Amino acid sequence: MTFLAGRGIADITGEIAEIGLLGYGLPDQQAEGLHTRLRARAFAFAHGGRRLLLVVCDLPLVFSSVTQAVVARLPAAYTEANVVITATHTHCGPGGYSHHAVYNGNCGGFRPQTFRAIVDGILEAARRAIADLEPSTLRLGRGELRDASVNRARRAFERNPEADKVFFPDAVDAATVLLTVERDGEPVGVVNFFAVHGTSMTNRNRLVSADNKGYAAYHWERQVSGIDYLGESDDPGLITAFAQTNAGDLSPNLNLRPGSGPTEDEFENTRIIGLRQYEAAARLLESRADAEVLEGGLDSRLVHVDMASVGVGAAFSGDGLPHHTSHAVPGATAFAGALPDGPTGWRFVGAERNVVLDVVSQQAIYRVSRRLRDAQAPKSLAGPVSLMNRVVPFGQEVLPVQLVRIGGLYLLCLPFEVTIVAGLRLRRTVAGVVGSDVDHVLVVGYANAYGHYLTTPEEYDAQMYEGASTLFGRWQLPAVQQTAAMLATAMRDGRRVEPGTPAPDLSARRRHHPARPGADEPHSHRDIGQQLTFMWDGRTAIAEFVGVHPGNDPRRGGTYFEVQKREGLYWRRVADDGDWSTRMYWTRLPSARGTTRSTVRIQWHVPPETPTGRYRFVYRGNTGLARFQGKSQEFDVTDDES
């Protein structure tokens, strides 16, 4: 029986101004404009009576808030068990879309507008993929990519046994895996799996950005394949998603400093690391005739696990003794951040230890609670999530663990940031149960919810950032291995699994969120939409307009501005705010109380291949009462300039 497969894409960009960027967690990293739009790329599969939906999102994280809202509005054939929603883990996407307070801390609370943009966009992409289901061949190709990541926690990695480390001679997971959807011999969709953090853009950046994986997808879709993201065609063209695997300890900052490597320019680093991922995936596509054809149908299992109270059997603990997890508790160094990707700025904690919390944990808490000591030592404890949850939903402890199968490819989908050796052990666990090779099992992190990090017990003992962020203690990985083995056994034997009690749906709770921006105010003697300044040096065009607050309308599925080229009597759009070559900066100016006075600056870094001719900017917005547009002065691109 032939697979049916479909693909779809949609915009999920939320607010781009005066909202905290999620990832680094810095209070002062508030959005001030747009670098690249964020998109959801959905792939639907059907075989026999079974369905599967995989959605890869240009998001920092996926929360249960999003997964629950999406699944509730999908057709009945799509359930929590056969829907995978995973994030690329950009650290410069807008926050405020979780129902747990810890993730909304720098956003002023829950942000309904951004939440709606994300949920509506994922649903739009999913519905397009489902409507696109057609007979397809699925191919699986494998290669290596060794110059796009570096291990940022090498001291912790080295604590692992040689039998694990030998699998990663450079301390990175170099595997790049390509799932291709092919019709009549032509590719129509690809999903690339490669492990690297979305931290090429630093915590100094203030523009919403899809980071390196977003660039890889953009380059392939727009620059190579010529997709028009704003087009109305029924055939979207080649949709390319760049998904994460076990990226927990892998950084794109090759010099192990924020924004450093391969160059000292964060924008250029984002492009280069993304381009390298694209090139590795494109090589696999070119050789797809030699790739494995997937057969054997679809399957899925999911269970909700209370990670705070898992009894870990001796068969999985690694020391031959039973153990248990505990309630979620971050370690002191979790608040310092991963230094190669950017510190969080918390002043009370050191990079690798905190003397005060060390003494309190070792000399007081662990002496009183032997159970907590067994679960969490040697972590320096820094605040129990369970106690905070009694006041307000702060962090999630009941989390989904999911196993899906596409032919001979197994995806273990987890709500964690999994280190490469932890991922290897999980892959070996699943492969051993189902009788597969380990390279036919992938860990898909950042999926369906979020529960922070997952390290090996050996890495945990180092208590670097990743270990301190393994919230449920030293035995968290064995607990997940035990759960993965249970799911794999049920899948192998054709048995259903009781899903357990999911985390509560918190959407009905009242949440504080910031008030909408005040009425937009024009500048003195200048109307809204009017050009203020213009500069053209032959390489970059910059126009500044009297603007409005972008929060009036995120223009999901549209654009804030266009770069247009004169063609005869008409102007044709050649670029917009979804293009790599453009940037939009928004600035709030002093204004009367209760109003907003704005300046919008649009930049176009003219690509070398740009045709000669006359060009202009068109800026569009919404005051809340009426739509408007403003035009820049015209400028000429000549042979010398292009």
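Throughout, read-outs are computed from the coordinates displayed, never taken from laboratory work. What you see is a predicted model, and the numbers here were worked out from it, not measured in a lab. Counting neighbours? That spans all protein chains shown, and the Cβs are built from the backbone with ideal geometry, glycine included.
Note on the chain: semi-axes of the ellipsoid equivalent to its C-alpha gyration tensor, largest first and rounded to whole Å, are 40, 30, 23. For a modelled paramagnetic label at D439, 7 Å from Cα along Cα-to-Cβ, the residues of the range 399-419 in reach, with backbone nitrogen under 19 Å, are 406-412. For K379, the lysines whose Cα falls under 29 Å of its own Cα, not counting residues fewer than eight places away in the same chain, are K165. Taking other C-beta atoms within 10 Å as the exposure proxy, H549, H100 rank H100, H549 from fewest upward. Normalised by 2.2 N^0.38 Å, with N the number of residues, the alpha-carbon radius of gyration of the range 519-637 equals 1.07. The long axis of helix 266-286 is offset from the longest Cα principal axis of the chain by roughly 70 degrees.
For K565, the lysines whose Cα comes closer than 17 Å to its Cα, not counting residues fewer than 8 places off in the same chain, are K631.
Using only Cα atoms, locate the centre of the range 288-305 and the centre of the range 468-485, then give the distance between them in Å, rounded to an integer. For the range 288-305 versus the range 468-485, the Cα centre distance is 25 Å. Every helix of 4 or more DSSP H residues in the chain counts as -39500 (n - 2.57), and over all residues that averages to -6000 deg cm²/dmol at 222 nm.
Subtracting the Cα-Cα distance of T501 and A314 from their residue separation scaled by 0.36 nm leaves 64.8 nm. Going 7 Å from the Cα of E292 in the Cα-to-Cβ direction, what parts of the range 135-160 have a backbone nitrogen less than 15 Å from that spot? Once the point is set 7 Å along Cα→Cβ of E292, 138-144 turn out to lie under 15 Å by backbone N, inside the range 135-160. Simple spin-label estimate for A508 and R257 gives 5.4 nm between the two label positions (7 Å along the Cα-to-Cβ direction from each Cα).
Using the 10 angstrom Cβ neighbour count as an exposure proxy, how do Y229, Y446, Y619 rank, fewest first?
Taking fewest neighbouring Cβ atoms as first place, the list is Y229, Y619, Y446.
Taking a point 7 Å from the Cα of S591 along the Cα-to-Cβ direction, the residues of the range 25-48 with backbone N closer than 19 Å to it are 30-34. Ordering E498, E292 from the fewest to the most neighbouring beta carbons within 10 Å gives E498, E292. The packing ranking of peptides 70-76, 216-222, 151-157, highest mean first, is 216-222, 151-157, 70-76, where packing means the average number of other beta carbon atoms within 10 angstrom of each residue.
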